[in-house]
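Here the structure comes first, spelled out in structure tokens, and everything after it is commentary.
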Amino acid sequence: MRVVRCCVVGAPIRHSRSPFIHRLFAEQFGLALRYDKREVGPGALAGVVAELIGDGLRGINVTIPLKEEAWALATRRSPRAAAAGAANVLSFEPDAAIEADNTDGLGLVRDLAHHGVTLAGRRVLLLGAGGAARGIVPALLEAGVARLFIANRTPDKAAALAAAFATPGRVKTLALAARCPEPVDLVINSTSAGLTSAAPPPVPAGALGAGTACHDLVYGSGETPFLRWAREQGVKLRIDGLGMLVEQAAAAFARWHGLEPATLPVIEALRRRL
Ligand code: NDP
């Protein structure tokens, strides 16, 4: 049986859950898949990609800190990758193209749907303006959010992100220390604050209303600092980033193998393993 090969690259990569997730997806279809992980630091991606193409890989997932580098390396980009300016998926195509995709935003939207969160007509506050935020913003706009506030520790980066998706009236920037002009339906934490410290990122005052939900891209074995903060504020619907992780992987898997895996059993299996 022909073995299909894929890989995840980034740094640090030791704790990546991608091999586990893709193995469970492959088992659903009896697909012979070898999925490795490889530590690759900034500036080294081009050489590694050439090597992996030579080895016959179908594609790679790309994580911190290589998403912009992967995007620049691509010879073709999906519309959502083109919009994001960052790629978490590279596919090595038969016509020798290196095609970039960004499935982070789709992963988030699909995971929110699992929790009954719809986005059309909603007001959303996005904390952070890094690589993940770049993938999320076009997906939120495509899903029809009415108003998107972006707040980031470095205000210039929030302004640049908002400008990249210039949709007058829909996208506004906000200082973390400012007051949110209106309560929102959803607050998304796309900062890495909860990864690097036990403190949640600051959240603009006035953002929470009676039915506000909170989503944290960060996940772990316990409650994340942001979701702990949300619970303390009385937020009822609190969602961590595990489902998004599995959903963005499922979109990459479908892209490479033409197969749509069931995600809920994989999310449950991953949660049991954390
Ligand atoms: P980047 O390094 O590109 O961006 C980090 C962001 O966090 C920046 O906006 C940065 O602000 C902000 N930040 C960092 N520390 C703090 C702090 N102490 N207080 C306030 N803001 C802070 O990372 P990514 O965007 O790629 O990833 C962000 C997070 O999302 C990571 O935790 C990552 O693991 C997670 N992630 C989860 C996914 C999932 O599927 N669940 C998918 C992708 C990412 P500044 O601009 O000022 O530096």
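Filtered by the rule that a residue be open to solvent by 10 Å² or more (accessible area, probe 1.4 Å), more than 20 Å from I64 (Cα to Cα) and assigned to a helix (DSSP H, G or I), the stretch 245-266 gives A254, R255, W256, H257, L264, P265. For R170, state whether it is in contact with a strand residue (DSSP E or B) (Cβ under 9 Å, 6 or more places away or on another chain) and surrounded by fewer than 17 Cβ atoms within 10 Å (Cβ to Cβ). In short, yes.
In the condition set (1) touching a residue at least 24 places away in the same chain (Cβ under 8 Å); (2) within 11 Å of the ligand (Cβ to nearest atom), L140 is compliant with all but (2).
Of the residues T103, T75, which is among the β-branched types (V, I, T) and open to solvent by 10 Å² or more (accessible area, probe 1.4 Å)? If you could, list the steps in order and put the result at the bottom.
Numbers: T103 fails: open to solvent by 10 Å² or more (accessible area, probe 1.4 Å).
Unique residue meeting the criteria: T75.
Any idea which of A159, A120, A166 is more than 8 Å from the ligand (Cβ to nearest atom) and assigned to a helix (DSSP H, G or I)? Outline the logic, then answer.
Numbers: A120 fails: assigned to a helix (DSSP H, G or I); A166 fails: assigned to a helix (DSSP H, G or I).
The conditions single out A159.
Does the stretch 39-56 contain at least one residue that is closer than 30 Å to L264 by Cβ, modelled with pLDDT of 95 or more and not hydroxyl-bearing (S, T, Y)? Before you say what the answer is, go through the steps one by one.
Our first condition is that a residue be closer than 30 Å to L264 by Cβ; within the stretch 39-56, this holds for none.
No; the residues of the stretch 39-56 include none that is closer than 30 Å to L264 by Cβ, modelled with pLDDT of 95 or more and not hydroxyl-bearing (S, T, Y).
All of (1) open to solvent by 20 Å² or more (accessible area, probe 1.4 Å); (2) in contact (Cβ under 8 Å) with a residue 60 or more places away in the chain hold for S18 with one exception: (1).
Go through the stretch 173-188 and report how many residues are within 15 Å of the ligand (Cβ to nearest atom) and open to solvent by less than 20 Å² (accessible area, probe 1.4 Å). Give the steps one after another, and end with the answer.
Step one: filter the stretch 173-188 for residues within 15 Å of the ligand (Cβ to nearest atom), giving 173-178, 187-188.
Imposing the further condition that a residue be open to solvent by less than 20 Å² (accessible area, probe 1.4 Å) reduces the set to 187-188.
Qualifying residue count, the stretch 173-188: 2.
The set of residues from the stretch 189-217 being farther than 18 Å from V137 by Cβ, near the ligand (Cβ under 8 Å from one of its atoms) and of a type in the set (A, V, I, L, M, F, W, C) comprises A193, L195, A199. Looking only at residues of the stretch 44-69 that are closer than 15 Å to E93 by Cα and of a type in the set (A, V, I, L, M), we find that the one that is surrounded by the fewest Cβ atoms within 10 Å (Cβ to Cβ) is A50.
Let's see how each residue does on (1) in contact (Cβ under 8 Å) with a residue 12 or more places away in the chain; (2) part of a loop (DSSP other than H, G, I, E, B); (3) not acidic (D, E):
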position: G194; (1), (2), (3): yes, no, yes
position: P201; (1), (2), (3): yes, yes, yes
position: Y219; (1), (2), (3): yes, yes, yes
position: G222; (1), (2), (3): no, yes, yes
position: F226; (1), (2), (3): yes, no, yes
position: W229; (1), (2), (3): yes, no, yes
position: G243; (1), (2), (3): yes, no, yes
position: E268; (1), (2), (3): no, no, no
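Screening the candidates L140, L127 for the property of being touching a Pro at 6+ places or on another chain (Cβ under 8 Å), of a type in the set (A, V, I, L, M) and open to solvent by less than 60 Å² (accessible area, probe 1.4 Å) yields one hit, L127. When D111 is tested against (1) open to solvent by 20 Å² or more (accessible area, probe 1.4 Å); (2) of a type in the set (D, E, K, R); (3) in a helix (DSSP H, G or I), just one condition goes unmet, and that condition is (1).
With the stretch 5-89 as the region, which helices (runs of 4 or more DSSP H) entirely inside it contain at least 3 residues that are more than 20 Å from the chain's Cα centre (by Cα)? First the steps, then the outcome.
Values: elements: 18-29, 45-54, 67-73, 79-84.
Of the helices (runs of 4 or more DSSP H) lying wholly inside the stretch 5-89, those with at least 3 residues that are more than 20 Å from the chain's Cα centre (by Cα) span 18-29, 45-54.
So, of the residues in the stretch 218-235 that are open to solvent by 50 Å² or more (accessible area, probe 1.4 Å) and within 14 Å of the ligand (Cβ to nearest atom), which turns out to be nearest to R17 (Cα to Cα)? Only one residue fits best here, namely Y219.
The values are calculated or read from the model by the stated rules, or taken from the named source; none is laboratory data. Remember, it's a predicted structure, so these values are computed and weren't measured experimentally. Methodologically, a virtual Cβ is constructed for each residue, glycine included, from the backbone with ideal geometry; neighbour enumeration extends over all protein chains shown. To get the accessible areas, we keep the full protein, side chains included, count just its heavy atoms, and leave off ligands, DNA and RNA. Shrake-Rupley method; radii C 1.70, N 1.55, O 1.52, S 1.80 Å.
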